[in-house]
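The values are calculated or read from the model by the stated rules, or taken from the named source; none is laboratory data. It should be emphasised that the depicted structure is a prediction, and the values quoted were computed from it without experimental measurement. Glycine gets a Cβ as well: all are built from the backbone with ideal geometry, and neighbour counts include every protein chain shown.
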Amino acid sequence: MRYQLVPTHWRPDDHNPLTPDGSYPLGTTAVVVAEDASRFMGSSKSGLFHYRLPRSTPHLQAVLADLVRYEESQGRSLLVSCPDEADPATWVERALAATPPSGVIRPWDPLYLVHATTLECGRQILRDGTVRSLACLVAEGRNPPQQELLSAVLGEPPEYADYVNLGPWESLFVDTVVASHALGRFVSPDDKYTPGMRFYFDSHQIIRAGLAVRIADGIKVHRELPLEPFCLLSVGVRDVDPESARATWTPRTFTEEANRLFLRTAADASG
């Protein structure tokens with residue numbers, strides 16, 4: 001595995017402790033696991049792209065193993081800073097040994113995943129019958145406006161644009177990200193915005209089909225995700241508010257209303 005252990009006290013803003021001049025060679029990334037850490041993904045003051053994980057992260061060892069495997073698949077060198085363990089190298093190796101491949105359904109995997117987007121992009125997805133990554137859309141000359149906000153600000157690796165982003169169906173931050181893109185600034189789940197569309201997918205079917213790419217504790221799909229047979233329902237604001245009775249929406253209120261509709265539809269289908 002292409003990873004190297006660094007001291008527990010090291011942080012991504014510091015110089016590289018493994019090179020004579022303290023520099024970070026091209027293709028270096030990092031993950032920091034610490035007791036007092038808050039969750040973060042982005043570039044440090046040194047320009048090093050890294051993941052920061054609290055020690056309390058659910059299924060921490062699986063998250064770490066997925067990161068090590070993903071960074072290796074991209075040919076990058078990953079620096080790993082673990083909590084104080086008797087043997088950090090053994091701790092990481094145990095994480096890798098205990099974590100099944102991406103194509104195996106794990107007990108904690110959500111039943112459903114959501115892809116959220118603007119209304120214009122949602123309508124195009126319905127016409128195409130598939131969700132395409134940003135890189136695919138750009139190659140086709142269909143670059144959605146303001147869709148690179150978060151990648152540019154966080155300094156994400158360029159290949160992130162090759163993936164279709166999915167999130168837990170109950171998470172408020174799936175639509176919050178869409179709102180941030182549309183407004184050109186970071187917003188909260190309770191800021192006003194214009195809702196777009198949410199596409200609900202069968203998570204386990206995606207995993208069984210071998211399409212799931214696990215990065216940290218998220219699941220993405222490379223290049224494109226067909227609606228058939230994976231999409232269970234698409235929901236727009238007119239589906240939840242056909243009379244346009246609500247004057248304003250936030251990511252929170254739209255997520256809650258769309259999820260209620262999805263659960264009712266799923267219950268009707270199973271009953």
Practice item. Please state which of the following conditions Arg76 fails to meet, knowing it meets all the rest: (1) farther than 22 Å from Asp162 by Cα; (2) modelled with pLDDT of 90 or more. Key: (1)
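Before we move on, is Val33 in a strand (DSSP E or B), in contact with a strand residue (DSSP E or B) (Cβ under 9 Å, 6 or more places away or on another chain) and either among the hydroxyl-bearing types (Ser, Thr, Tyr) or within 21 Å of Pro157 (Cα to Cα) (or both)?
In short, yes.
Of the residues in the stretch 73-103, how many are of a type in the set (Ser, Thr, Tyr) and in a loop (DSSP other than H, G, I, E, B)?
Initial filter on the stretch 73-103 (of a type in the set (Ser, Thr, Tyr)): 73, 77, 81, 90, 99, 102.
Checking which are in a loop (DSSP other than H, G, I, E, B) leaves us with 99, 102.
Residues in the stretch 73-103 being of a type in the set (Ser, Thr, Tyr) and in a loop (DSSP other than H, G, I, E, B): 2 in total.
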Revision key, fill the gap. Within the stretch 233-253, residues being crowded, with 18+ Cβ neighbours inside 10 Å and within 20 Å of the chain's Cα centre (by Cα) number 2
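Kindly check whether there is at least one residue in the stretch 247-258 that is touching a Pro at 6+ places or on another chain (Cβ under 6 Å) and without any contact (Cβ under 8 Å) to a residue 60 or more places away in the chain. Show your work before the answer.
First, pick out the residues of the stretch 247-258 that are touching a Pro at 6+ places or on another chain (Cβ under 6 Å): 249, 251-252, 254.
Narrowing the set further to residues that are without any contact (Cβ under 8 Å) to a residue 60 or more places away in the chain leaves 249.
Taking every residue of the stretch 247-258 in turn, at least one turns out to be touching a Pro at 6+ places or on another chain (Cβ under 6 Å) and without any contact (Cβ under 8 Å) to a residue 60 or more places away in the chain.
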Exercise for review: Say whether the condition of being among the aliphatic types (A, V, I, L, M), at pLDDT 95 or above, buried (at least 18 other Cβ atoms within 10 Å of the Cβ) and part of a helix (DSSP H, G or I) is met by at least one residue in the stretch 119-130.
Suggested key: yes
Review point. What residue, among those in the stretch 18-42 that are in contact with a Leu (Cβ under 9 Å, 6 or more places away or on another chain) and modelled with pLDDT of 90 or more, is surrounded by the fewest Cβ atoms within 10 Å (Cβ to Cβ)?
Key: Leu18
